[in-house]
1. Please return the ranges of strands (runs of 3 or more DSSP E) entirely within region 1-94 where 3 or more residues are touching a residue at least 24 places away in the same chain (Cβ under 8 Å).
2. Looking at region 107-117, is at least one residue more than 20 Å from the chain's Cα centre (by Cα), basic (Lys, Arg), in a loop (DSSP other than H, G, I, E, B) and within 18 Å of Asp48 (Cα to Cα)?
3. For region 108-131, does any single residue satisfy the condition of being of a type outside the set (D, E, K, R), touching a strand residue (DSSP E or B) at 6+ places or on another chain (Cβ under 9 Å) and under 25 Å from Leu3 (Cβ atoms)?
4. Tell me whether region 41-60 contains one or more residues that are closer than 28 Å to Arg203 by Cβ, charged (D, E, K, R) and touching a helix residue (DSSP H, G or I) at 6+ places or on another chain (Cβ under 9 Å).
5. Quick check on region 149-171. Is at least one of its residues exposed (fewer than 14 other Cβ atoms within 10 Å of the Cβ), at pLDDT below 85 and assigned to a loop (DSSP other than H, G, I, E, B)?
6. Test of understanding: among Arg118, Arg130, Arg138, which residue is within 27 Å of Asp192 (Cβ to Cβ), in contact with a helix residue (DSSP H, G or I) (Cβ under 6 Å, 6 or more places away or on another chain) and surrounded by fewer than 18 Cβ atoms within 10 Å (Cβ to Cβ)?
Amino acid sequence: MLLIVGCGDVGLRVTRLVAGRWRVLALTSSAERLGALRAAGAVPLRGDLDRPQTLARLAGLADLVLHLAPPAAYGARDARTAHLIGALSRSPRLRRLVYGSTSGVYGDCAGARVDETRALRPATARAQRRVDAERRLRVFGRGSGARVTLLRIPGIYALDRPGGDPRERLARGTPVLRAEDDVYTSHIHADDLARACVAALRRGIDLGMTHIDTAEMYGDAELVIAEAIAGRRDDVCLVSKVLPSNASRRRQAAAAMSSATLRARAASPLVMTWNVMPTSGTSANGKPKKKFT
């Protein structure tokens, strides 16, 4: 299950990219957005990052979160991300969170080549809010065990994106920068960014998360696992489980063919899960004893 927070143009592209493979939930504060989200294949959830009391239902909903929501337009801290973390901190199933930050956190690099090791020098309040969000998410990841990935995104363009066609600016008569006022900028196509978001959500295997535990009762979570290991079956140890109620030969075979194991051809080990409850008793010599049922 994938939850997209801030499902605008790029979020909709991600939704269409994973359609039929992942179940997508999209958080929105606008009733006008519900139709567009449903048309793209997402299940809309009403909630407002500026009103934390509306986010309680997010706990426990998703295994993966794609956070693309911008911070508020004021202050040096990103309260919206803080509110989101507050809701997700109550989630027992979150495995990975990808955050869409900005390359603006590096400040003006005067045309120099930049990679992730460059020191952060946010020169605007907007960039400072992004740095604050990154810091909060790193702390959250260390405390919760969820993998956090930061995507520092440059300018986004696409011909089908509002303002993305240079001909629109010509038609509006938008002034052109003088050569002496021009600056170096970096850009990424919106479709490439959507693909990068999906790749980041799948990054766990490359980072060594190769022991994957699944089960017939995990439901939609298995669809996410199936997509994550597509084409990578030989790189992971896939464990599946069956309940005692499915302990017969026929039922074990049916339970093992859950969505993740079916797409992967077979699980590595197959484990039977049995609830073991200790009970107290007394032995013949009067000493307390324990038995397990």
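The values are calculated or read from the model by the stated rules, or taken from the named source; none is laboratory data. On a predicted model such as this, the values are computed, not experimentally measured, just so you know. FYI the Cβ positions are ideal-geometry reconstructions off the backbone, even for glycines, and counts take in every protein chain you see.
1. Details: elements: 2-5, 24-28, 43-46, 64-67.
Because the criterion is at least 3 residues that are touching a residue at least 24 places away in the same chain (Cβ under 8 Å), the strands (runs of 3 or more DSSP E) in region 1-94 that meet it are 2-5, 64-67.
2. Applying the first criterion (more than 20 Å from the chain's Cα centre (by Cα)) to region 107-117 yields 107-117.
If we keep only those that are basic (Lys, Arg) as well, we get 113.
Imposing the further condition that a residue be in a loop (DSSP other than H, G, I, E, B) reduces the set to 113.
Add one more test, that the residue is within 18 Å of Asp48 (Cα to Cα), and what stays is none.
Among the residues of region 107-117, not one is more than 20 Å from the chain's Cα centre (by Cα), basic (Lys, Arg), in a loop (DSSP other than H, G, I, E, B) and within 18 Å of Asp48 (Cα to Cα), which makes the answer no.
3. yes
4. Kept after step one, since they are closer than 28 Å to Arg203 by Cβ, are these residues of region 41-60: 41-45, 47, 49, 55, 57-60.
Checking which are charged (D, E, K, R) leaves us with 57.
This time we only want the ones that are touching a helix residue (DSSP H, G or I) at 6+ places or on another chain (Cβ under 9 Å), so: 57.
Yes, some residue in region 41-60 is closer than 28 Å to Arg203 by Cβ, charged (D, E, K, R) and touching a helix residue (DSSP H, G or I) at 6+ places or on another chain (Cβ under 9 Å).
5. yes
6. On the way: Arg130 fails: surrounded by fewer than 18 Cβ atoms within 10 Å (Cβ to Cβ); Arg138 fails: in contact with a helix residue (DSSP H, G or I) (Cβ under 6 Å, 6 or more places away or on another chain).
Step by step, each of Arg118, Arg130, Arg138 is checked, and only Arg118 is within 27 Å of Asp192 (Cβ to Cβ), in contact with a helix residue (DSSP H, G or I) (Cβ under 6 Å, 6 or more places away or on another chain) and surrounded by fewer than 18 Cβ atoms within 10 Å (Cβ to Cβ).
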